[in-house]
Amino acid sequence: MNIIHISAECYPVAKVGGLADVVGALPKYQNTAETSSQVIMPFYDVKFTKEHNFTPIFESELDLGEEQYQFRILKLSENVLDFDIFFVDVPDLIFKDYVYSFDDTKRFLAFQIAALDWMLTWDSLPDVIHCHDHHTGLTPFMLQESHKYEAFRKIPNILTIHNAQYQGWFSHDNVNLIPPFNFNNVGLLDWGGQINPLAAAIKCAWRVTTVSPSYMEELKTNANGLEHLLAQESTKCIGVLNGIDTKVWNPETDDYIVKNYNEKTIDPGKKANKEHLCDTFGLDSNKPLFAFIGRLVGEKGSDLFPEAFKIALQNPDLSILLLGSGNKDTESQLEALKDTFKGHYNAFIGYDEKLSHIIYAGADFLLMPSRVEPCGLNQMYALRYGTIPIVRSIGGLKDTVTDISEDNGFGICHDHVTVDEITHAIERGDQLYKNQTRFKALRTQIMKIDHSWDASASQYIKLYNSIN
């Protein structure tokens, strides 16, 4: 079986969020003797593309309404990702030093058209086309409706929704950008009076998956306007929990961290990484270290951090470290706390992949008070590194973290995104840390939890087989 993933992101090439981590790992775990999984993504002007070599394998031009654009298909020359990856190079639209911007309608539509035009020239068409999020949401529609892609009609296509909040809306005035199709079916593109790529994909894809079972249930009542549509299409929808790449996220072999460790050597390993973090950021390694890694946006609940941290840090016997960027006002408020709580609070505004690994390895607790969390990978990384997650019970967080008050519980959970609940959860973490016998037992327990991609990849293969 030949599976083609089409995505705007793929780690380590270009990463904005969890979409990249999924597309950078799932194909690797799907490659077996029976299946071959490959990725097609845009060719951006980013660090990865500057540092690697690419071989042109196809050239043509595509029509975008009345405009024509030259494009090439490039293949990564080195085998560094454990799966084949191909790049759509549209220099006039896509080759930028960013992934997302204000002109994404044309950029990602050109990407999808170029990918399908190239696939039409293949001697053997793929067995499954797997699309990810709204950036590839018009692909299922074009496969079903555009005249030029009739050869794909019988090929199953899957849509995975990583985040339904973003849907790629654009005006019907631009419908001519889409390759000609039977205009009697233009309604498939519409939702709420606009062309909605995510809605079109939900209507046209053979199957729709989300990145956790709980997120699929939550979308029935909170999908940024798509609730009724998802209810209509519920018979073809299924939640499949993401996994993590345990080759990349492995404290025993991780080149980024200060000292490697496993569940048997967790105490000295965590201690060395924590001491490095605390030395770097002026914190006391004898105090419990609470950390946050992620985007400073409303979805993550991070707008409440300035107030919550002011309250939590009244306790001088704990430390907080933050790594992230996003809302400028939130960034400014979090930066301002550095002077007020010097010695037991610090923040790195921005993103640093190496630092994120060291934080997972060195922190005692990871904060995730998300308002929306389709799956969440950070809590799985934390578990893998023996760092206890403190999460709001929603989406994938609900599916992967059990509160310490329950049988075999191992994390700290709260139900609502409020300053009071965040600070109370931190207090519970502080109390747990004081019980070092239980705290250390939990660290060892969570390192043994298996959230690898093996089970998830197997579920997807079964799904593909069910519709092939």
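Most tightly packed first, judged by the mean number of other beta-carbon atoms within 10 Å of their residues, the peptides 384-395, 93-104 read 384-395, 93-104. FRET efficiency for the residue 247 to residue 459 pair, using the beta carbon distance and R₀ = 25 Å, is estimated at 0.80.
For residue 256, what is the net charge nearby, where nearby means another residue's Cβ is under 9 Å from its Cβ and Lys, Arg count +1, Asp, Glu -1? Around residue 256, the charge tally is -2.
With charges only on Cβ, +1 for K and R and -1 for D and E, what is the dipole size of the chain about its Cα centre, in debye, rounded to 20? If you can, show how the numbers build up before the last one.
Numbers: 41 positive and 62 negative charges, 206 e Å.
Its charge dipole is roughly 980 debye.
For the chain, the relative contact order comes to 12 percent (Cα pairs under 8 Å, sequence separation of at least 6). Considering only 324, 200, 136, and ranking their Cα positions along the charge dipole of the chain that arises from unit charges at the beta-carbon of Lys, Arg, Asp and Glu, the one farthest toward the positive end is 324. Dipole of the chain computed with +1 at Lys/Arg Cβ and -1 at Asp/Glu Cβ about the Cα centre; of 289, 365, 268, farthest Cα towards the positive end is 268. The stretch between residue 190 and residue 264, if pulled fully straight at 0.36 nm per residue, gains 21.1 nm over its current Cα-Cα span. Please report how many Lys pairs in the range 175-274 have alpha carbons closer than 14 angstrom, counting only residues at least 8 apart along the chain or sitting on separate chains. Eligible lysine pairs with Cα atoms under 14 Å apart amount to 5.
With +1 on each Lys and Arg Cβ and -1 on each Asp and Glu Cβ, how big is the dipole of the range 375-468 about its Cα centre, in debye rounded to the nearest 20?
380 debye
Length available on full extension from residue 125 to residue 328: 0.36 nm per residue minus the Cα-Cα distance, which gives 68.4 nm. Put in order of Cβ neighbour count within 10 Å, fewest first, the listed residues 218, 51, 275, 353 become 51, 353, 275, 218.
Compared with the alpha-carbon gap, the fully stretched path from residue 34 to residue 236 is longer by 70.2 nm at 0.36 nm per residue. For residue 71, what is the net charge nearby, where nearby means another residue's Cβ is under 10 Å from its Cβ and Lys, Arg count +1, Asp, Glu -1? Taking every other residue near residue 71 into account, the sum is -4. Remark: the range 86-94, residue by residue, has Karplus-estimated 3J(HN,Hα) of 10, 10, 8, 9, 10, x, 6, 10, 9 Hz, where x stands for each Gly or Pro and the curve is 6.51 cos²θ - 1.76 cosθ + 1.60 at θ = phi - 60°. Along each principal axis, taking the top coordinate minus the bottom one, the Cα set of the range 229-330 gives 54, 37, 22 Å in descending order.
Going highest first, how would you order 136-147, 30-41, 369-380, 441-452 by mean Cβ packing within 10 Å?
Sorting 136-147, 30-41, 369-380, 441-452 by mean packing, highest first, produces 369-380, 136-147, 30-41, 441-452.
Sorting 420, 84 on the 10 Å Cβ count, fewest up front, what's the list?
420, 84
Quick note: the coordinates plus some simple rules give every number you see, no bench work behind them. Note that the structure is predicted; figures quoted are calculated from it, not measured. Note that we place each Cβ from the backbone using ideal geometry, even for glycine, and neighbour counts take in every protein chain shown.
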